[in-house]
Amino acid sequence: MSGVAAPTADTAPDLETGWEATTPIGDTIHRHGTLATAAALAAVVEASGGRVHRSPDHVRADLGRPAGILNGATLLQPHQDTELRATVDRIARWYDQHGRGAALLWSPWPTPDLSERGWQLQGHPPLFYRPARPLLTRRRPSDLELAEVHAAEQLAEWCRVAVTSFPFTAVERPEDLLDPAILDDDRFRFVLARADGRSVGVGSQVVVRGANVLLLSTVDPGHRGRGAYAALVADRLARQPDLPSVTVVSDDSRPVLVERFGFLPVCRWTLWERPRP
């Protein structure tokens with residue numbers, strides 16, 4: 001009786017996990033979304049004069065001052081528990097040796113409890129992914145104006161609205177959240193939403209790793225529920241219809257993203273925060 005011998009440890013081919021350094025970025029939408037989001041967060045910090053450390057299994061980004069979600073490390077590969085704890089400890093030492101303000105850890109996978117290592121669980125925000133396709137319509141309330149940011153004064157206003165509306169905690173000078181030098185980088189785009197003579201919301205995006213990453217978008221609490229957030233989403237999608245779009249946001253944004261714009265909820269990330277000494 002003939003047959004095929006089972007592979008042995010010496011003859012078995014390497015089995016693809018989907019997260020090797022050699023795995024194509026588009027192997028899965030989970031992988032594409034993860035690598036694009038990590039690259040986008042690092043790009044913002046780098047363009048604003050912060051420091052970035054890249055390794056095969058994670059990326060760290062730090063503005064060196066309280067900056068909310070901009071100071072964080074993103075895991076790029078799943079880890080075994082022992083490996084994860086060692087990586088998390090290296091990340092913590094890197095942040096503790098420089099700068100101020102809390103640091104975040106973004107994990108695209110569930111993690112063990114890290115509270116004994118000084119991290120505080122912040123939640124499980126979903127990763128959303130929208131394949132490349134044009135918008136059928138652009139949604140914008142008649143009383144809402146969207147203005148693209150081109151000057152330092154506009155960026156300072158954008159930062160103030162972002163800090164107070166998101167909110168970013170512990171930011172000392174909201175207008176200095178981002179460096180105006182970021183406006184010279186054509187990968188980025190920043191938008192102010194205005195109504196009744198004042199700015200009521202902000203949106204931002206960056207094209208990186210073959211994706212349109214929707215970065216921070218927030219609306220003043222007093223103006224929510226009037227279509228400003230949907231208008232900011234539609235505006236940024238319309239700018240890059242030939243690229244897939246990616247974003248990691250809270251569950252509050254799910255109805256708009258999924259029901260109105262066809263985003264796919266991919267998975268939930270795990271978000272930890274750790275104060276610096």
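Computed from the coordinates by the stated procedures, all read-outs in this text should not be read as laboratory data. Because the structure is predicted, anything quoted here is derived from the model rather than measured. FYI the Cβ positions are ideal-geometry reconstructions off the backbone, even for glycines, and counts take in every protein chain you see.
Determine the percent antiparallel among the DSSP beta bridges restricted to the range 157-270, to the nearest 5.
90 percent
Give the peptides 86-93, 246-253 in descending order of average Cβ contacts within 10 Å, highest first.
In descending order of packing, they fall as 246-253, 86-93.
Express in nm, to one decimal, how much length is gained between ARG187 and THR82 on full extension, taking 0.36 nm for each residue of separation and deducting their alpha carbon distance.
Between ARG187 and THR82, full extension yields 34.1 nm more.
Treating only the Cα positions of the range 145-267 as identical point scatterers, give the base-10 log of I(q)/I(0) from the Debye formula at each q in 0.11, 0.13, 0.17 Å⁻¹.
Listed by q, the Debye log ratios stand at -0.35, -0.50, -0.87.
If we count every other residue with Cβ under 13 angstrom of SER115's Cβ, Lys/Arg +1 and Asp/Glu -1, where does the sum land?
Overall, the nearby charge balance is 0.
At a Förster distance of 22 Å, what's the computed FRET efficiency of GLU148 paired with SER250, Cβ-Cβ distance as r, to 0.05?
Taking R0 as 22 Å, the efficiency between GLU148 and SER250 is 0.30.
So for CYS267, CYS159, fewest C-beta neighbours within 10 Å to most, what's the order?
CYS267, CYS159
So, in nm, how far is label HIS53 from label GLU172 when the simple model puts each one 7 Å beyond its Cα toward the Cβ?
Here the modelled spin labels are 2.3 nm apart.
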